[in-house]
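Comments concern the structure below.
The values are calculated or read from the model by the stated rules, or taken from the named source; none is laboratory data. Owing to the predicted nature of the structure, the values given are computational and were not obtained by experimental measurement. Using ideal geometry, Cβ is built from the backbone for each residue, glycine included, and neighbour counts are taken over all protein chains shown. Protein only, heavy atoms only, side chains kept; ligands, DNA and RNA dropped before computing areas. Shrake-Rupley method; radii C 1.70, N 1.55, O 1.52, S 1.80 Å.
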Amino acid sequence: MTAVEVNFDGLVGPTHNYAGLGPGNLASQRSRASVSDPRSAALEGLAKMRRMLRLGVPQGVLPPHERPDTGALRRMGFAGDDAAVLADAARRAPDVLAACASASAMWAANAATVRPGGDGPDGLVHVVPANLVAALHRSLEAGTTTRVLRRLLPDAVVHDPLPPSTGTGDEGAANHTRLCAEYGGPAVHVFVHGIEGDRQVTRFRPRQTLAASRAVARLMDLPGQAVVHVLQAPEAIDAGAFHNDVVAVGDRDVLLAHERAFAGGAADVARIAAAVEARCGVPLRAVVVREAEIPLGDAVRSYLFNSQLVRAGDGRTVLVAPAEVREVRSVAAWVAAAVADPAIPVDAVEVVDVRQSMRNGGGPACLRLRVVLTDAERARLASGALVDEARLDALEDWVRAHHRDRLTPGDLADPALLEESRTALDELTAMLGLGAVYPFQR
Ligand code: SUG
């Protein structure tokens with residue numbers, strides 16, 4: 001069956017800010033309390049989408065969530081009208097307000113894990129929205145994400161998120177890679193987790209649990225031979241790889257990973273390769289980057305492995321990398337050599353500037369959710385879900401009309417920001433043909 005991979009990017013919301021909220025996320029910690037620029041953040045995201053479109057990769061969008069989440073603030077004891085809730089939270093619990101104001105739904109790789117229709121017996125696309133229980137600000141995303149995905153993909157089976165508990169922490173596609181010969185053919189799903197049971201050996205608390213990965217694979221009704229579970233290397237988590245997509249990326253039969261990404265090292269890569277060969281009938285083209293070439297710290301600082309590895313419309317394999325790869329010497333050297341090296345299956349590298357997102361630990365790959373769809377499935381998407389150049393122009397206008405170019409932590413309590421945000425989202429849901437998805441619209 002022919003199918004293509006559609007990238008759905010999270011649109012950056014009007015409250016994009018730096019609150020140091022990401023557990024184990026070094027960039028987010030470093031940026032804490034600095035001034036953000038939501039308008040540039042959103043425009044950078046749209047510019048990246050335009051680059052993808054021009055590469056011939058179908059592109060969709062996911063809307064931001066309603067923030068600050070006054071419903072969540074009320075559930076945590078702040079009362080009165082919206083302005084009173086915001087003011088009281090700012091005074092008594094600024095960290096809680098920051099969590100409820102985060103625009104973190106922009107990192108769509110954490111929205112869900114997706115199984116293409118062809119990968120299971122019922123022939124339907126399956127989606128498991130992530131519960132994101134590792135941090136308050138992200139756990140607030142699950143409900144709206146589930147509603148949005150149900151609207152967006154009316155024919156898909158969109159499951160409920162896994163029950164929320166520390167033992168079932170699920171961070172979505174950031175820890176999942178689907179490998180195959182062709183998008184529409186048989187595939188192997190690689191699920192990467194940071195912790196098995198409750199024996200934590202890392203300094204930073206791992207976010208994805210084996211129990212969650214197993215549950216997601218079960219919900220997706222994947223045959224045993226199509227699933228490989230891999231444990232993250234503890235040193236990768238402690239170096240800042242809070243999600244596996246900070247140290248590994250795959251596309252079709254290509255896997256690009258740092259040698260210190262997986263606990264089992266070469267043995268894990270061999271297990272993945274054996275599964276791909278058996279199930280997909282092709283050898284895995286694995287590119288394992290050695291510590292001697294790129295030290296783990298440089299990999300995390302540059303987010304090289306958080307590049308999007310995509311099949312361009314002309315068939316080339318393109319690595320869409322963050323601009324920071326040029327700024328870290330070992331990485332810049334590797335990238336320059338990679339394109340010329342016939343042993344590395346990357347035909348071109350395109351550099352994109354997503355600095356506003358990067359300062360919160362979100363690179364190009366964090367901003368997108370990959371959904372493999374057939375033509376028929378694509379035709380059934382919500383009307384405005386896919387973008388073309390004209391729609392991107394309209395979304396840029398929308399950003400310029402609604403997003404501020406400067407936001408400080410103190411601004412999060414401004415009732416005008418909440419109003420601006422709601423006005424923006426109301427307009428956006430109409431543009432995307434999503435109907436009412438936010439609490440303030442119901
Ligand atoms: O969960 N940052 C996000 C970044 C997510 C990146 N996604 C992937 N790797 N796929 C996180 O840590 C920071 C928000 C703040 O600090 O204000 C944050 O949540």
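Tell me which residues, restricted to segment 246-271, are within 16 Å of the ligand (Cβ to nearest atom) and either modelled with pLDDT under 95 or part of a helix (DSSP H, G or I) (or both).
Selection gives 246 alone.
Before we move on, is residue 155 surrounded by fewer than 23 Cβ atoms within 10 Å (Cβ to Cβ), of a type outside the set (S, T, N, Q), more than 14 Å from the chain's Cα centre (by Cα) and within 25 Å of residue 428 (Cβ to Cβ)?
yes
Residue 222: away from the ligand (no atom under 15 Å from the Cβ), outside any helix (DSSP H, G or I) and not charged (D, E, K, R), yes or no?
Judged against the criteria, residue 222 is a match.
For the subset of segment 77-92 comprising residues that are hydrophobic (A, V, I, L, M, F, W, C), open to solvent by 20 Å² or more (accessible area, probe 1.4 Å) and part of a helix (DSSP H, G or I), which member is nearest to the ligand (Cβ to nearest atom)?
It comes out as 90.
Tally time: how many residues in segment 228-245 are open to solvent by less than 10 Å² (accessible area, probe 1.4 Å) and within 15 Å of the ligand (Cβ to nearest atom)?
Residues in segment 228-245 being open to solvent by less than 10 Å² (accessible area, probe 1.4 Å) and within 15 Å of the ligand (Cβ to nearest atom): 7 in total.
Got a sec? Which of 165, 139 is within 18 Å of residue 108 (Cα to Cα) and either touching an Asp or Glu at 6+ places or on another chain (Cβ under 7 Å) or not hydrophobic (A, V, I, L, M, F, W, C) (or both)?
That would be 139, the only listed residue that is within 18 Å of residue 108 (Cα to Cα) and either touching an Asp or Glu at 6+ places or on another chain (Cβ under 7 Å) or not hydrophobic (A, V, I, L, M, F, W, C) (or both).
Looking only at segment 167-184, which residues are open to solvent by 20 Å² or more (accessible area, probe 1.4 Å), more than 16 Å from the ligand (Cβ to nearest atom) and in contact with a Gly (Cβ under 8 Å, 6 or more places away or on another chain)?
Within segment 167-184, 181, 184 qualify.
Within segment 186-193, does at least one residue satisfy the condition of being modelled with pLDDT of 95 or more, open to solvent by 10 Å² or more (accessible area, probe 1.4 Å) and closer than 26 Å to residue 1 by Cα?
yes
Are there any helices (runs of 4 or more DSSP H) wholly within segment 93-186 with 1 or more residues that are free of Cβ contacts under 8 Å to residues at least 24 places away in the same chain and among the aliphatic types (A, V, I, L, M), and if so which?
141-152
Filter segment 141-152 for residues that are buried (at least 24 other Cβ atoms within 10 Å of the Cβ) and within 16 Å of the ligand (Cβ to nearest atom); which is nearest to residue 196 (Cα to Cα)?
Looking at residues that are buried (at least 24 other Cβ atoms within 10 Å of the Cβ) and within 16 Å of the ligand (Cβ to nearest atom), I get 141.
Evaluate the following for residue 95: is it within 13 Å of the ligand (Cβ to nearest atom), over 28 Å from residue 429 (Cα atoms) and not aliphatic (A, V, I, L, M)?
For residue 95, the condition - within 13 Å of the ligand (Cβ to nearest atom), over 28 Å from residue 429 (Cα atoms) and not aliphatic (A, V, I, L, M) - is met.
Inside segment 98-118, can you point out the residues that are away from the ligand (no atom under 16 Å from the Cβ) and touching a helix residue (DSSP H, G or I) at 6+ places or on another chain (Cβ under 7 Å)?
Answer for segment 98-118, where residues must be away from the ligand (no atom under 16 Å from the Cβ) and touching a helix residue (DSSP H, G or I) at 6+ places or on another chain (Cβ under 7 Å): just 117.
State all residues of segment 16-26 that are within 8 Å of the ligand (Cβ to nearest atom) and either more than 22 Å from residue 404 (Cβ to Cβ) or not hydrophobic (A, V, I, L, M, F, W, C) (or both); if no residue qualifies, say none.
Matches in segment 16-26: 17, 18, 20, 22, 23, 24, 25.
Take residue 294 and tell me if it is modelled with pLDDT of 95 or more, part of a helix (DSSP H, G or I), aliphatic (A, V, I, L, M) and under 24 Å from the mean Cα position of the chain (by Cα).
Spelling it out, it is not the case that residue 294 is modelled with pLDDT of 95 or more, part of a helix (DSSP H, G or I), aliphatic (A, V, I, L, M) and under 24 Å from the mean Cα position of the chain (by Cα).
Which residues, counting only those in segment 7-53, are open to solvent by less than 30 Å² (accessible area, probe 1.4 Å) and part of a helix (DSSP H, G or I)?
Selection gives 27, 28, 31, 38, 41, 42, 45, 46, 48, 49, 52.
If I filter segment 27-46 down to residues being farther than 12 Å from residue 387 by Cα and hydrophobic (A, V, I, L, M, F, W, C), which single residue comes out as farthest from the ligand (Cβ to nearest atom)?
43
Are there any pairs, at least 6 apart or on different chains, whose C-beta atoms fall under 9 Å, with the first in segment 11-23 and of a type in the set (S, T, N, Q) and the second near the ligand (Cβ under 6 Å from one of its atoms), and if so, which?
Between residues of segment 11-23 that are of a type in the set (S, T, N, Q) and residues that are near the ligand (Cβ under 6 Å from one of its atoms), the close pairs are 15/102; 17/102; 17/360.
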